[in-house]
Amino acid sequence: MKAIELRKLTTEELKEKLKELKKKLMNLRFQNSIGALGKNSEIKETKRDIARILTILRERGIKL
């Protein structure tokens, strides 16, 4: 997801998206550990999306 798209979301939507991405990252790491992950780059993309959301939340001054 691009930062422009994320900035259009409300704070509550961003927090929900953050929870979803953290769950997705956990599942991707698990799949990677058992060798079932197809694209290793998915982990990197998910981490970047999480970082983007956290950055936007910090810009807005929202405490997690």
Worksheet item: Roughly how tilted is helix 41-60, in degrees to the nearest 10 and between 0 and 90, from the longest Cα axis of the chain?
Response: 20 degrees
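Quote the relative contact order of the chain in percent (integer), defining contacts as alpha-carbon pairs under 8 Å separated by 6+ residues. If you can, show how the numbers build up before the last one.
Numbers: 28 pairs, mean separation 28.9, N = 64.
Once divided by the residue count of the chain, the mean separation gives 45 percent.
Using +1 on the beta carbon of Lys and Arg, -1 on that of Asp and Glu, and nothing else charged, what's the dipole of the chain about the Cα centre, debye to 20? Walk me through the numbers on the way to the answer.
On the way: 18 positive and 9 negative charges, 37 e Å.
Rounded to the nearest 20 debye, it is 180 debye.
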Worksheet item: Say each of Ala51 and Glu13 gets a label point 7 Å from the Cα, pointing the same way as Cα to Cβ; how far apart are those two points in nm?
Response: 2.4 nm
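Mind giving me the FRET efficiency for Phe30 and Arg60? R0 is 30 Å, r the Cβ-Cβ distance, nearest 0.05 is fine. Don't skip to the answer; put the middle values down first.
Details: r = 32 Å, r/R0 = 1.06.
Here the calculated transfer efficiency is 0.40.
Where in the chain lies the longest segment free of trypsin sites (Lys or Arg not before Pro) that are both loop residues by DSSP (not H, G, I, E, B) and have at most 13 other Cβ atoms within 10 Å? It would help to have the intermediate numbers written out before the result.
Working: sites that count: Lys2, Lys8, Lys39, Lys63.
Here the longest run is 9-38.
Readers should treat all values here as calculations from the given coordinates under stated rules, not as data from a laboratory. The structure presented is a predicted model; accordingly, all values stated were derived computationally and were not measured. Positions of Cβ are generated from backbone atoms using ideal geometry, with glycine treated the same way; all protein chains shown enter the neighbour counts.
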